[in-house]
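Take a look at the structure set out below.
The values are calculated or read from the model by the stated rules, or taken from the named source; none is laboratory data. Here the structure is a predicted model, which is why all the values come from computation and not from measurement. Every residue, glycine among them, receives a Cβ derived from its backbone with ideal geometry; neighbour counts consider all protein chains shown.
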Amino acid sequence: MQKTETITTTRLPKWVLALLPLVLLIGLVAIFLAVNPLAVFTDAFPPLEELTIQRVRFPAAGQIELSVINGGPDPVTIAQVLVDDAYWQFAIEPTQTLDRLETATVALTYPWVKDEPLPITLITSTGITFGTEVEVAVESPPADSGTLLTYGLLGIYVGIIPVALGMLWYPFLRHIDRKWVNAILALTVGLLVFLFVDTLLEALEIAAEVPGVFQGVPLVIFGTLLTLGVLMAIGQRRGQRTPLSIATLIALGIGLHNFGEGLAIGAAFAAGAAALGSFLVIGFTLHNITEGVGIVAPLTKEKERPKLHVFVLLALLAGTPAILGTWIGGLAFSPFLAALFLSIGAGAILQVIWEVGKLLVNDARRSGQPAVSWLNFAGLTAGILVMYLTAFLVKF
């Protein structure tokens, strides 16, 4: 005789079963905070202080402003300010004591000398020091319409114009043999591979300046992976991509990378490094012409030539983020947001590499030719080398 097993079921609603562990967890944490059994340990040791100077501005002659954030677990009280090995009076808003993740602005009057370096150190009430050094002291540009226009023009010159010039190769690409078009697509993959590595490394470099509580390096890694996952999931829902959609993705990925270039240019001019900023403008302009070729290469697979407004929109999509980058870099630079946006850009570029690679593979299958031919490999290598060599103009 077979034994039958009975399964007991509860009469509680499903939402109660789902919330019960969370309610118990919240109660457990509340009891822990109320009792505070670790007080005997925390009272015996000094507080853990972490203060980050995010930005130094010189709003006028003899004036200095510092933007600081408390990234540590304990409150921090700024007791003294040391400028060039001398103590100076200061004012701080909103309060001299910063709680966890609280920001403040430290203002002081100091006769700084234009174009000279300036070390600044903050001293907390416990005697711990947090310092920075301004390489070149120069009056910060005001956040007015003239400054916005100047930075905007720099972004147009660096982002939109060179991409548009590169896209002028489209008529030539329409009249070459299919194997050479695939070689140009492979060159596009090479460009994107370089941009991915460059964007990721730049994001990691900025992440090192992010307060520890924001976990800069994990932010960059997971931001990249999550962006890649989201874009691939969207691509799966939409099915087979058209050449125009791939060109749009390339423009988007390049645009997010150009955002980082804009940040570098804006920050250079805001820090007073005008010569460096001018050199970056010229270097990025030459560096970005090849990006226009990469955008229009997939469009050669279209049977009909796209309308003129399509090219205009693609150029704006790839170049406009450089304008936004110069504004943020010059007027309101934030290491956290910069690292986050660059990680999103790296993920987007990685997804575009996947899509262009699939386009090459599918075309090779239809024609019965290998996707990794010597010609395509030469195109891939050429794309990486072009970006690597032109990067000599913008790396210091």
Might you check whether a residue that is assigned by TED's automatic domain parsing to the domain that holds residue 217, at pLDDT 85 or above, in a helix (DSSP H, G or I) and surrounded by 14 or more Cβ atoms within 10 Å (Cβ to Cβ) occurs anywhere in the stretch 384-392?
yes
The residue from 380, 331, 340, 350 that alone is surrounded by 17 or more Cβ atoms within 10 Å (Cβ to Cβ) and at pLDDT below 80 is 331
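Given 211, 218, which one is farther than 23 Å from residue 291 by Cβ and at pLDDT below 85? Step through it out loud before you land on a result.
On the way: 218 fails: at pLDDT below 85.
Testing whether each residue is farther than 23 Å from residue 291 by Cβ and at pLDDT below 85 leaves just 211.
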Considering only the stretch 101-119, how many residues are outside any strand (DSSP E or B) and either surrounded by 12 or more Cβ atoms within 10 Å (Cβ to Cβ) or not aliphatic (A, V, I, L, M) (or both)?
9
Search result, residues across the stretch 299-330 that are more than 26 Å from residue 341 (Cα to Cα) and assigned to a helix (DSSP H, G or I)
299, 300, 301, 308, 309
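Report, by residue number, each residue of the stretch 182-238 that is of a type in the set (Asp, Glu) and within 12 Å of the chain's Cα centre (by Cα).
If we filter the stretch 182-238 for residues that are of a type in the set (Asp, Glu), which is where we start, we get 198, 202, 205, 209.
Result: 198, 202, 205.
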Residue under evaluation residue 240, criteria (1) more than 20 Å from residue 381 (Cα to Cα); (2) modelled with pLDDT of 80 or more, criterion not met
(2)
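Can you tell me which residues in the stretch 120-147 are within 26 Å of residue 51 (Cβ to Cβ), hydroxyl-bearing (Ser, Thr, Tyr) and not in a loop (DSSP other than H, G, I, E, B)?
Filtering the stretch 120-147 for residues within 26 Å of residue 51 (Cβ to Cβ) gives 120-140, 143.
Next, only the ones that are hydroxyl-bearing (Ser, Thr, Tyr) stay: 121, 124-126, 129, 132, 140.
Once the filter is applied, which keeps residues that are within 26 Å of residue 51 (Cβ to Cβ), hydroxyl-bearing (Ser, Thr, Tyr) and not in a loop (DSSP other than H, G, I, E, B), the stretch 120-147 yields 121, 124, 129, 132.
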Give the residues of the stretch 287-306 that are within 13 Å of residue 185 (Cβ to Cβ) and of a type in the set (A, V, I, L, M), sorted by residue number.
293, 295, 296, 297, 299
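From the list 163, 181, 210, 193, pick out the single residue that is outside the structural domain of residue 61 (by TED's automatic domain parsing), surrounded by 21 or more Cβ atoms within 10 Å (Cβ to Cβ), in contact with a helix residue (DSSP H, G or I) (Cβ under 9 Å, 6 or more places away or on another chain) and in a helix (DSSP H, G or I).
Details: 181 fails: surrounded by 21 or more Cβ atoms within 10 Å (Cβ to Cβ); 210 fails: in a helix (DSSP H, G or I); 193 fails: surrounded by 21 or more Cβ atoms within 10 Å (Cβ to Cβ).
Just a single option satisfies the conditions, and that option is 163.
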Neighbours by Cβ (under 7 Å, 6+ apart or cross-chain): first from the stretch 88-99, in contact (Cβ under 8 Å) with a residue 40 or more places away in the chain; second surrounded by 11 or more Cβ atoms within 10 Å (Cβ to Cβ)
98/70; 98/75; 98/76; 98/104
Scanning for something loosely packed, with under 15 Cβ neighbours inside 10 Å, of a type in the set (D, E, K, R), touching a Ser or Thr at 6+ places or on another chain (Cβ under 8 Å) and assigned to a strand (DSSP E or B), does the stretch 86-100 turn up at least one residue?
yes
In the stretch 72-83, residues that are surrounded by fewer than 15 Cβ atoms within 10 Å (Cβ to Cβ) and within 30 Å of residue 136 (Cβ to Cβ) total 1
Quick test of your reading of the structure: residue 150 fulfils all but one of (1) over 25 Å from residue 314 (Cβ atoms); (2) over 25 Å from the mean Cα position of the chain (by Cα); (3) part of a helix (DSSP H, G or I). Name the failing condition by number.
(2)
